[in-house]
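The values are calculated or read from the model by the stated rules, or taken from the named source; none is laboratory data. The model shown is predicted, which means the values in this text are computed figures rather than measured ones. Note: ideal-geometry Cβ built from the backbone for every residue, glycine included; neighbour counts use all protein chains shown.
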Amino acid sequence: MKIKAIVVDDEAPARSELIYLINKIGGIEVCGEASGAVEAYEKISEYEPHLVFLDIDMQPINGITLARQLQEKDDPPFIIFATAYNNYALDAFEINAVDYIIKPFSEERIKATIQRVIKEIEDHKFHKENGTKEISKIIEQAINKKTQERIPVWKDNRIILLDPADIIFIVTTEGKKTIFKTINGEYETNYSIGEIEEKLPAGQFFRPHRSYLINLNYIKEIEPWFHNTFQLVMAKYENEKIPVSRNQTKEFKKLINLPR
């Protein structure tokens, strides 16, 4: 099966570099390239590629908008976002992009992406030929078996989909970075605690302080503190005490069934 791809980027050097790496690695035929969303949509409709390497920061129509339009096709191509920015990761995964790679590109990173996407395309073709649901729907069903939505986070220039059940707590640092403290280590995201809180189950997560969001299941100890408030000790992070603000103390007591 010949896998066809189109490369979309408004910068010619970036397109050339990516096409060179794809051709060098092999396994995918680049059947076209485009410098903008309108040209890309026309070429995608003409060539019907299996895969689109898509830049995001383009004018006047960005890559996220184009990807959403492509999802409306009867048989949309797989999308790999190839961009210089990491702050669109959440949008990318809401569109079910198969990968999100950051410039400057490395041969090793592109190779890993191509190997994975070839397998996904072949699986997709198998399911279509056997009359089963498309691979995107199968993935969606698997994710929806959980009540929580997985959260994209950064680790060593890679995006990891984090299961909320693995989150111990989330903290905003003085430098305004949002850090996930999990059972498997620490991860960073560009989104605020408020934005993340909206995506997590309220019965499991609680905001004891404006700079913290905790998983109630990982509270190890509750220490009395000034003015009838508390400090929390969380599993695996015993040296980091989390304050419960005066405004949140009443709600916290209610959640854990403490006498008021």
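Within the group G63, G32, which residue is closer than 15 Å to I3 by Cα, small (G, A, S) and in contact with a strand residue (DSSP E or B) (Cβ under 8 Å, 6 or more places away or on another chain)? If you could, list the steps in order and put the result at the bottom.
Details: G63 fails: closer than 15 Å to I3 by Cα.
Unique residue meeting the criteria: G32.
Quick one: is E33 within 18 Å of T83 (Cβ to Cβ), out of contact with any Asp or Glu (no Cβ under 7 Å at 6 or more places or on another chain), of a type in the set (D, E, K, R) and assigned by TED's automatic domain parsing to the domain that holds S16?
On the way: within 18 Å of T83 (Cβ to Cβ): yes; out of contact with any Asp or Glu (no Cβ under 7 Å at 6 or more places or on another chain): yes; of a type in the set (D, E, K, R): yes; assigned by TED's automatic domain parsing to the domain that holds S16: yes.
Here the answer is yes, as E33 does meet what is asked.
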Check: Has region 245-260 got any residue that is outside the structural domain of I183 (by TED's automatic domain parsing), outside any helix (DSSP H, G or I) and in contact with a helix residue (DSSP H, G or I) (Cβ under 6 Å, 6 or more places away or on another chain)?
Finding: yes
Check: Which of the residues that make up region 187-211 are in a strand (DSSP E or B) and either loosely packed, with under 13 Cβ neighbours inside 10 Å or not acidic (D, E) (or both)?
Finding: Y187, T189, F205, F206, R207, P208, H209
Notebook entry, point to check: Among the residues of region 143-153, is any at pLDDT below 75, over 15 Å from the mean Cα position of the chain (by Cα), within 29 Å of S106 (Cβ to Cβ) and polar (S, T, N, Q)?
Noted result: no
